[in-house]
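Working notes for the structure below.
FYI, it's all coordinate maths here, none of it is from the lab. Keep in mind it's a predicted model, so treat the numbers as computed, not measured. Reconstructed Cβ throughout: ideal geometry from the backbone, glycine too, with neighbour counts over all protein chains shown.
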Amino acid sequence: MANIVIVGTQWGDEGKGKIVDLLAEYADIVVRFQGGNNAGHTMVVDGEEFISHLVPSGILQGKTCVIGNGMVVDPEVLISEIDYLIEKGIDVSPERLKISEKAHLIMPYHKKLDAAKEEASRKQRIGTTGRGIGPCYEDKASRRGIRFIGLLDAGGFAEKVRTAAEEKNFFLTQFYSSDAVSADEIISSYGGYRDRLAPYVTDISVFIDRGVREGRQVLFEGAQGTHLDIDHGTYPYVTSSNTVSGNACCGTGMGPKQITDVTGIAKAYTTRVGQGPFPTELFDETGEQIQKKGAEFGATTGRRRRCGWIDTVILRNAVRLNSLTGFAITKLDVLGGLEEIKICTAYKYQGKPISEFPADLNVLSRCEPVYESLPGWREDISNIRRFEDLPENTKNFLKRIEALTETPVDIVSVGPGRNETIVMKNPFAG
Ligand code: GDP
Ligand code: IMO
Ligand code: MG
């Protein structure tokens, strides 16, 4: 029996959706444990593309999917995602999808505050996805949030909304010179969401535990990436939740002894959306080539992703922070055709080498990457399905990543499709 956590190791968009969809075949329950619809996870099955923002990426494999208590949920977005999946012929009944009664609700004032805060701090803006994620987690931490359990109690919900609206409207209008929200409108629209979503709401800790006791396998789907973690990432240029594997426990109500493996997803290069330091970022033609060939545009906001070489300083950081047992390296096909491929092995700060990721952004933003150069490959590798069949230079690139991170590469992705994958070791196979 195996319970696997999948996390992003870089700054998000590593291809988690694809790998979760692939491995969900071997799982019975797929759970998301943090984040909200700031995430955009893409799956391509038989040439058809699906993007999920809230529903776990196991839904296409017909598995039971769970929205964990660590998530922040915009109910309007969730309902439209459920409708989109139903339209595509996918079963999204309450048998298939469970929502934690403890998950927090993103409210209209959270979205307005997200936008207003970004607007007000032009110089130091984070470049958020504007989905209300930060303000919702702020309310959770300050114990003013509204959870699904609170939505189900109509009278109590109305009271909570009125109290919250009074405070938020003061900030919105007086501090941010923005528009106020209407408590009555929120109460009415969220009443509709209550009717639609109530059948899905349950105690997911009990549900998952029962499943595990009956021998079911669980896949925990992380969103964002290790370096967007609120504690361990490039603070303040991070998201507002813990994205590392440890939060798979807090965000679902499972104990740590149940987790058997942790797979870290890493692109064969690095990308980042939004603001914040990025030591291996490329500003030249190679960066542009990778951006174009990799179609590096955000699945949530459509923003152009910044691109750069793979960075093993951050990958080693991810190995330690997540207890990674293996890597899945994605988008390896995108590097095909480059004469030379670089791997960052360390940083140099004020002329001295640094091998650990610095917490101080003043240091990090002045770090220069130290590169090792490897010869590229000309062949199109997207039709290859066995490691042995990869060109020698491609194999050497992967072996170098393994050596520099002291972690095995278990899976290699050579295209967006579910089948465009080389599996050397399936973490569910034990
Ligand atoms: P996630 O947020 O980590 O799930 O990643 P996204 O879905 O935001 O971004 C990854 C993008 O790369 C999506 O458009 C995927 O379809 C695509 N993708 C995933 N794996 C591969 C791969 O191996 N090769 C190519 N060319 N594209 C891939
Ligand atoms: P997936 O799950 C890439 C980034 C935003 C911004 C910062 C804070 O698809 O990998 P937020 O809206 O969370 O307050 O924004 O985090 N960000 C992501 N970048 N992939 C994501 O999710 C992201 N979710 C948030 O661009 O820099
Ligand atoms: Mg994404």
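Key figures for this structure:
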| item | result |
| --- | --- |
| Helix-only [θ]222 nm of the chain, DSSP H runs n ≥ 4, -39500 (n - 2.57) each, per residue, nearest 500 | -9000 deg cm²/dmol |
| Rg/Rh (Cα only; Kirkwood hydrodynamic radius) as it applies to the range 291-430 | 0.97 |
| In Hz, Karplus ³J(HN,Hα) per residue of the range 79-84 (6.51, -1.76, 1.60; θ = phi - 60°; x = Gly, Pro) | 5, 5, 5, 4, 4, 4 |
| Of Lys257/Lys331; Lys117/Lys348; Lys18/Lys111; Lys98/Lys399, those spanning more than 30 Å from alpha-carbon to alpha-carbon | Lys257/Lys331; Lys117/Lys348; Lys98/Lys399 |
| Distant-in-sequence amide H partners of Trp309 (H built 1.01 Å from N, under 5 Å) | Thr270, Leu282 |
| Gyration tensor (Cα) of the range 309-362, equivalent ellipsoid semi-axes in angstrom | 23, 18, 8 |
| Average projection area in nm² (convex hull over Cα atoms of the range 41-112, one quarter of hull surface) | 5.1 nm² |
| Electrostatic dipole magnitude of the range 1-100 [Cβ: Lys, Arg +1; Asp, Glu -1; Cα centre; debye, to 20] | 380 debye |
| Ranked list, fewest to most other Cβ atoms within 10 Å of each Cβ, for Leu324, Leu398 | Leu398, Leu324 |
| HN-Hα J in Hz across the range 194-202 - Karplus 6.51, -1.76, 1.60, θ = phi - 60°, x for Gly and Pro | 4, 4, 6, 9, 3, x, 8, 7, 7 |
| Sequence-distant residues sharing a close amide H with Thr421 (under 5 Å, placed H) | Val414 |
| Gaussian network model of the chain, Cα within-10 Å springs - most flexible of Gly264, Gly40, Gly215 | Gly215 |
| Spatial separation of Cα centroids for the range 1-45 and the range 362-382, in angstrom | 26 Å |
| Debye log10 I(q)/I(0) for the range 104-196, one point scatterer per Cα, at q = 0.11, 0.15 Å⁻¹ | -0.31, -0.56 |
| Residues whose placed amide H lies under 5 Å from that of Val201, excluding near-sequence neighbours | Ile99 |
| Residue-wise HN-Hα coupling along the range 395-400, computed from phi with Karplus coefficients 6.51, -1.76, 1.60 (Hz; x: Gly, Pro) | 4, 4, 4, 5, 5, 5 |
| The chain - Rg over Rh from alpha carbon coordinates, Kirkwood radius | 0.97 |
| The chain - charge dipole about Cα centre, Lys and Arg +1 at Cβ, Asp and Glu -1, debye rounded to 20 | 780 debye |
